[in-house]
Amino acid sequence: MNSIRLKNVRLETGFDYEGDEVIATKTDLFCVDIEDGKIRKVSPNNPAAQAVDAKGYLMLPAFKDMHIHLDKTFYGGPWQAIRKRQGGVKGMIALEQQILPEMLKTSTERAEKMIDLLQSCGSAFARSHVNIEPTSGLNSLKNLQQALENKKNTFGAELVAFPQHGVYYTDSAPLMKEAAQMDIDYIGGVDPYTLDGQIEKTIDFTVQLAVDHNKGIDIHLHETGDSGLQTMNYLIDKVNENPVLKGKTFISHCFVLGRIDQAKQEEMAEKLSAAQVGIISTIPFGRLIMPIPTLYKHGVTVGTGNDSIMDHWNTWGSGSVLEKAKLMAQLYGYGTEHALSRSLKLATYNVLPLDDEGNQQWPKPGDQADLAFLDASCSAEAVSRLSPVKSLIYQGNLVF
């Protein structure tokens with residue numbers, strides 16, 4: 001669509017206070033005009049306008065899944081639970097080497113099914129890691145690029161060239177160099193000490209490839225001991241040596257942050273913030289609670305994603321990053337109206353309708369028209385109650 005007008009759109013307008021405490025969120029109904037993929041005008045509501053009726057649903061920034069593997073999934077096919085894990089990460093690599101050739105036969109259509117699921121949960125964008133290793137070659141990437149091409153009018157994505165089987169453990173370096181010249185956005189990596197037996201060589205390769213091809217970096221780091229901390233520090237040092245990577249470098253999972261003491265967490269958060277290195281967390285729980293409040297306090301960029309929906313790694317992904325925001329709120333006691341409304345930023349990748357003082361800051365003319373409509377009275381309710389997504393617009397295109 002070139003243009004679209006919406007009426008009866010519910011937008012947040014401010015906070016209600018009792019003393020110093022926010023006790024409610026104020027909303028009102030508006031008309032919203034969209035043109036050429038952007039918001040052109042927000043005006044007082046006119047119920048009689050010739051326009052698409054938003055039915056009083058709450059309009060929020062469309063959600064962003066910032067860590068997912070769209071290229072390898074069982075989703076869209078028969079139910080499959082995971083197998084018993086044997087041999088750690090290297091055992092999982094051996095399993096992947098067995099099953100990937102069969103998975104590649106349907107990976108394009110299954111990626112499209114998974115995109116459908118994400119859209120139904122309010123996401124219009126994903127950062128997807130895509131396997132680059134000798135078993136798949138570049139086929140996993142090519143198949144996913146086809147799926148994204150088929151969905152280009154309704155869904156956006158960034159791609160991470162991901163050496164799932166290690167850069168050197170399975171000789172993926174030549175393929176990574178090829179992938180870096182293709183239409184990808186980030187150079188990935190995974191546990192350099194565990195897989196490649198070395199930190200510096202692997203990180204040096206990753207950083208140089210990113211710098212040479214003007215890409216960002218997003219590495220998986222599951223290691224929780226000294227090697228995890230050493231990898232973090234070494235990557236931060238390399239980013240500081242190459243300032244072009246500031247704001248373009250991310251560590252996914254980074255479980256070591258959940259294993260170190262509070263003082264060390266504060267120190268590492270300060271380092272991450274100064275180097276503008278972000279953390280993409282799947283908000284783990286149980287015995288591993290990540291220091292998300294500490295990261296926020298120091299201004300570290302934090303995102304989240306489903307990681308796996310249904311594959312040989314796990315089957316817990318629901319497709320909803322709003323669910324991740326709710327989980328974060330539960331884990332850290334963000335139960336007040338104000339704290340719940342702030343928690344929405346985990347799902348929207350740091351875009352909020354109201355600032356901390358309750359001033360309306362979104363939507364504004366010129367903003368990208370990526371919009372989710374929920375059956376909720378406000379952001380706080382949407383997070384706490386996991387309110388249903390009723391409609392989605394991507395770059396001005398009505399998805400459903």
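The table for this structure:
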read-out	value
Nearest 10 degrees, 0 to 90: helix 107-120 Cα axis against the chain principal axis	30 degrees
Test item: Cα-centred dipole of the range 145-256, Lys/Arg +1 and Asp/Glu -1 on Cβ, debye	340 debye
The range 179-301 shape via C-alpha gyration tensor axes, a/c threshold 1.5	prolate
Which of PHE74, VAL52, GLY88, positive extreme of dipole for the range 27-97 (C-beta unit charges)	GLY88
C-alpha center-to-center spacing [the range 336-400, the range 311-330] in angstrom	18 Å
Using a Förster distance of 30 Å, the FRET efficiency for ASN314-ARG385 (Cβ separation, nearest 0.05)	0.75
Gain in span if fully extended, LYS55 to THR13, counting 0.36 nm per residue against the direct Cα distance	13.3 nm
Per residue, in Å², the accessible surface of the chain once ligands and nucleic acids are set aside, probe 1.4 Å	41 Å²
Ranked by how many other beta carbons lie within 10 Å on average, peptides 269-282, 92-105, 327-340, 166-179 from highest	269-282, 166-179, 327-340, 92-105
Simple Cβ-charge dipole of the chain, Lys/Arg +1 and Asp/Glu -1, about Cα centre, in debye nearest 20	780 debye
C-alpha center-to-center spacing [the range 55-85, the range 235-265] in angstrom	26 Å
Cα centroid of the range 200-219 to Cα centroid of the range 106-144, whole Å	22 Å
Student exercise, the range 1-70 dipole from Lys, Arg, Asp, Glu Cβ charges, in Debye to nearest 20	460 debye
Carbon and sulfur %, accessible surface of the chain computed with the full protein complex present, 1.4 Å	46 percent
Nearest 10 degrees, 0 to 90: helix 200-212 Cα axis against the chain principal axis	50 degrees
Folded to 0 to 90 degrees: helix 262-275 orientation relative to the chain principal axis, Cα	80 degrees
Note, ³J(HN,Hα) from phi for the range 340-354, Karplus 6.51, -1.76, 1.60, rounded to Hz, x at Gly and Pro	5, 5, 6, 5, 4, 4, 5, 7, 8, 6, 6, 10, 10, x, 10
Chain lengthening between VAL244 and HIS213 when straightened (0.36 nm per residue, less Cα-Cα)	10.0 nm
Longest to shortest principal axis, alpha-carbon extents of the range 171-214, angstrom	29, 18, 14
Positive-end extreme of charge dipole, the chain - chosen from GLY122, ILE187, HIS298 (charges on Cβ)	GLY122
Computed lengthening from ASN150 to ALA173, 0.36 nm per intervening residue step minus Cα-Cα distance	5.3 nm
Pair ALA48, ASP355: separation of 7 Å Cα→Cβ label points (nm)	3.8 nm
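The values are calculated or read from the model by the stated rules, or taken from the named source; none is laboratory data. Bear in mind that the values here come from a model prediction, so they are computed numbers and not experimental data. All Cβ positions, even for glycine, are placed from backbone atoms using ideal geometry, and neighbour counts span all protein chains on display. Side chains are part of the model used for accessible areas, which takes the heavy atoms of the whole protein and leaves out ligands, DNA and RNA. Shrake-Rupley method; radii C 1.70, N 1.55, O 1.52, S 1.80 Å.
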